[in-house]
């Protein structure tokens with residue numbers, strides 16, 4: 001019983017020491033890494049948004065990512081994560097817009113094109129989905145998942161094209 005009390009007291013003492021040193025850590029971080037309060041705030045927002053997303057609290061995550069985007073409008077990762085939220089919610093129009101912004105900011109990252117293609121698939125725009133998947137494969141030609149997505153979108157596009165030609 002006494003040992004438990006000693007352990008609890010030691011943990012409380014450590015937490016007090018850490019809490020007192022936190023402002024010092026911020027100062028050191030600013031000096032060493034030239035990190036501004038705005039950047040610290042941005043990283044905090046993104047971390048909170050990531051936690052909310054992982055907990056499937058999509059509205060909260062969306063709100064936090066939007067605040068982060070206001071602080072850092074050129075951060076493609078934020079737009080990509082917003083797009084992922086919209087995909088989860090089956091909100092393909094907003095997903096497309098978010099992923100378009102992410103692709104615009106990081107056009108050389110294959111995953112950005114894949115995400116955009118997934119949004120187009122949700123919108124049943126198989127032609128644009130196919131184009132997005134082709135761009136991703138041009139960047140990362142060895143990824144078998146990308147190839148499967150391209151094959152699927154091409155089949156759906158051909159099927160859709162066949163239906164429209166029959167209707168004419």
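The values are calculated or read from the model by the stated rules, or taken from the named source; none is laboratory data. Computed from a predicted model, the values in this text were never measured in an experiment. All Cβ positions, even for glycine, are placed from backbone atoms using ideal geometry, and neighbour counts span all protein chains on display.
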Exercise. Restricting attention to the range 71-87, which residues are outside any helix (DSSP H, G or I) and closer than 22 Å to residue 117 by Cα?
Worked result: 74, 75
Problem set entry | Scope the range 95-123; condition in contact with a helix residue (DSSP H, G or I) (Cβ under 6 Å, 6 or more places away or on another chain) and either outside any helix (DSSP H, G or I) or outside the structural domain of residue 147 (by TED's automatic domain parsing) (or both); matching residues | 106, 123
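Quick grid of which residues meet (1) within 10 Å of the chain's Cα centre (by Cα); (2) touching a residue at least 12 places away in the same chain (Cβ under 8 Å); (3) in the same structural domain as residue 111 (by TED's automatic domain parsing):
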site: 44; (1), (2), (3): no, no, no
site: 47; (1), (2), (3): no, no, no
site: 59; (1), (2), (3): no, no, no
site: 69; (1), (2), (3): no, yes, no
site: 80; (1), (2), (3): yes, yes, yes
site: 83; (1), (2), (3): yes, yes, yes
For this session: Determine which single condition residue 90 fails, assuming it passes every other condition in (1) outside any helix (DSSP H, G or I); (2) surrounded by 10 or more Cβ atoms within 10 Å (Cβ to Cβ); (3) modelled with pLDDT of 90 or more.
Result: (2)
Exercise. Looking at the range 11-70, which of the residues that are in contact with a helix residue (DSSP H, G or I) (Cβ under 9 Å, 6 or more places away or on another chain) and not in a helix (DSSP H, G or I) is modelled with the lowest pLDDT?
Worked result: 35
Seminar exercise, completed: Those residues of the range 127-145 which are buried (at least 22 other Cβ atoms within 10 Å of the Cβ) and either farther than 21 Å from residue 79 by Cα or not assigned by TED's automatic domain parsing to the domain that holds residue 90 (or both) amount to 130
